[in-house]
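The values are calculated or read from the model by the stated rules, or taken from the named source; none is laboratory data. What you see is a predicted model; the values in this text were computed from it and never measured. FYI the Cβ positions are ideal-geometry reconstructions off the backbone, even for glycines, and counts take in every protein chain you see.
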Amino acid sequence: MLTRRQFAIGSVAMTSAGIIGRQVEEARATHFNTPLPIPRLVDAANQGNSVSLKIASGRHAFVKGKPVRTYGYSAPILGPVVRMRRGDEIEMMVENALDTVTTVHWHGLLVPGDCDGGPQQLIHPSDRWRPVLKIDQPAATLWFHPHPHHDTARQIYMGLTGMIIIDDGTDARLDLPRTFGTDDLPLILQDRSFASDGSIEYETDGLDIVYGARGDTVIVNGVIAPVAKVPPGLVRLRLLNAANAQNFVLRFSDQRTFHVIASDGGFLPAPVAITQLRLSPSERFEILVNFADANAVALETGPDEEMGIFGRLAPDGSADYVPVMRFETTTTTPLVKEMPTRLVQFSTASHASAVRRRQFIVNSGICMDRTQAGEHTAMVALTGINGRTFDPERIDVETSLGTSEVWEVVSAGMAHPFHIHGALFRILSIAGAPPPPHLAGWKDVVLVEDKVELLVAFNRPATREHPFMYHCHILEHEEAGLMGQYVCA
Ligand code: C2O
Ligand code: CU
């Protein structure tokens, strides 16, 4: 049997992809000469809290001189970074100029089910959707993306991803790096495979359906191997894994220590020193990196250990780290040099506050359900969550507004990034042990390798017409039905 890498290399060799292959190879391995594109910042408050997003196809050259078809939000690819202030009400004016149906889901935003943008909230071609988003949650880095069932994976792959920054005044109070595009940089990490003409048209084969679609080239903010020029001081990186399936295992080439200050749902109590950070699909972390030494350094990603031989991005298929982008310092005066020692006040998460406990067994069908091993013969695959695939007509869970529950999530077979809409959670345990400090804050997605216990806080309503989703954020698994719906009243 071919490994996934051999399979990819084999198919490249069989087509006349040599030239594009070399260009991709050169761009990512040697040059690092494309300046990191910074998405346009849309500060909602500066435009009367009304924000337009036009969803349309565009053209974008991943490989120099080879523009190809992409999708974007008011941009050829990706979309703006929308800054929203806590306490504001923001009218989103979304227009679908694609020739296909879509939705816009605000991933991580705490809004009622009827403006969450889930699979029921279809925006048909040339239609508009105008939800009013009431912003009431702590500062955080969120994102938005399509969610139409059976076309989410393709639409995100084609470029539909935007970022949201919630500002509640903490940045200024703590004097954190916050000058967008200078010492506060959005980094949208994805992986893609390029066809011989440089295109990224989404196709899946059997392996993609089992393991999720994985490319062989990392892109950051839509480009291969960019370089960012940063001031020689503290720089904040807002990391978003917007890949369909790949886990990124990030470190710097000199293995310098950096500090995690926030996870999906907002700030941690204090910066957490770390040298390597794993991001699973849809996860966000904000990190502070000190560039005061003025050394150029690369950001690298290592093999996705969850995927064994299938998770390797190194061109030779080895288990090495590959450079993703490069940082060089400018000679400007740094805006921020000191890191605060404390960030925000935090309560400890405990089982005691939960009103009930539920179990979710997530199985993509590559293994038999080990929790039922006694009752079933080997190799019985129970694809879905608790053995059921997504059914838009079925409500799987009913929760009560203002309560917390313990959700125990078990992965059968492979690791699944489990995401819950409309709620934030704290991780109580990972494989029976307390979470490491950088995973102890508020989150909306968690990579479940074995078993986790989550304390989920339900604070937003969702009806049967507009329920919230919970699902695996490997998009090919979500499409295959690893998704359920809950109401909250
Ligand atoms: Cu990132 Cu159901 O979404
Ligand atoms: Cu999955």
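Out of VAL446, VAL410, one residue alone is at pLDDT 95 or above, crowded, with 21+ Cβ neighbours inside 10 Å and within 19 Å of ARG358 (Cβ to Cβ). It is VAL446. Please enumerate the residues belonging to the range 243-302 that are more than 27 Å from PHE346 (Cα to Cα), within 12 Å of the chain's Cα centre (by Cα) and part of a strand (DSSP E or B). Across the range 243-302, the qualifying residue is only PHE248. Out of all the residues in the range 208-217, is one or more touching a His at 6+ places or on another chain (Cβ under 8 Å), closer than 21 Å to PRO417 by Cα, surrounded by 22 or more Cβ atoms within 10 Å (Cβ to Cβ) and of a type in the set (Gly, Ala, Ser)? Yes. No other residue among ILE164, ILE156 is in a strand (DSSP E or B) and either of a type in the set (Val, Ile, Thr) or farther than 28 Å from HIS259 by Cβ (or both) apart from ILE164. Taken together, GLN137, GLN120 contain a single residue that is more than 16 Å from ligand 2 (Cβ to nearest atom), outside any strand (DSSP E or B) and touching a strand residue (DSSP E or B) at 6+ places or on another chain (Cβ under 7 Å), which is GLN137. Looking at GLY441, GLY484, GLY432, just one residue is within 16 Å of ligand 2 (Cβ to nearest atom) and either without any contact (Cβ under 8 Å) to a residue 12 or more places away in the chain or over 16 Å from the mean Cα position of the chain (by Cα) (or both), and that residue is GLY484.
Quick grid of which residues meet (1) within 22 Å of LEU424 (Cβ to Cβ); (2) within 16 Å of ligand 2 (Cβ to nearest atom):
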position: GLY212; (1), (2): no, yes
position: ILE219; (1), (2): no, no
position: VAL223; (1), (2): no, no
position: VAL230; (1), (2): no, no
position: ARG238; (1), (2): yes, no
position: GLN246; (1), (2): no, yes
position: PHE252; (1), (2): no, no
position: THR257; (1), (2): no, no
position: ASP264; (1), (2): yes, no
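Number of residues in the range 312-340 that are surrounded by fewer than 17 Cβ atoms within 10 Å (Cβ to Cβ) and either more than 27 Å from the chain's Cα centre (by Cα) or modelled with pLDDT under 90 (or both) equals 12.
Among THR100, THR34, THR70, which is the only one that is closer than 14 Å to THR161 by Cα and either buried (at least 17 other Cβ atoms within 10 Å of the Cβ) or away from ligand 1 (no atom under 16 Å from the Cβ) (or both)? Matching residue, one of THR100, THR34, THR70: THR70. Against the numbered list (1) assigned to a strand (DSSP E or B); (2) within 16 Å of ligand 2 (Cβ to nearest atom); (3) buried (at least 22 other Cβ atoms within 10 Å of the Cβ), PHE425 comes up short only at (2). Pairing residues of the range 75-93 that are surrounded by 17 or more Cβ atoms within 10 Å (Cβ to Cβ) with residues that are assigned to a strand (DSSP E or B) and among the acidic types (Asp, Glu), at Cβ distances under 9 Å and at least 6 apart in sequence or on separate chains, gives VAL82/ASP43; ARG83/ASP43; ARG83/ASP167; MET84/ASP43; MET84/ASP167; ARG85/ASP43; ARG85/ASP167. Consider the range 457-481. How many of its residues are away from ligand 2 (no atom under 16 Å from the Cβ), in a loop (DSSP other than H, G, I, E, B) and buried (at least 24 other Cβ atoms within 10 Å of the Cβ)? Going through the range 457-481 one residue at a time, the tally reaches 1.
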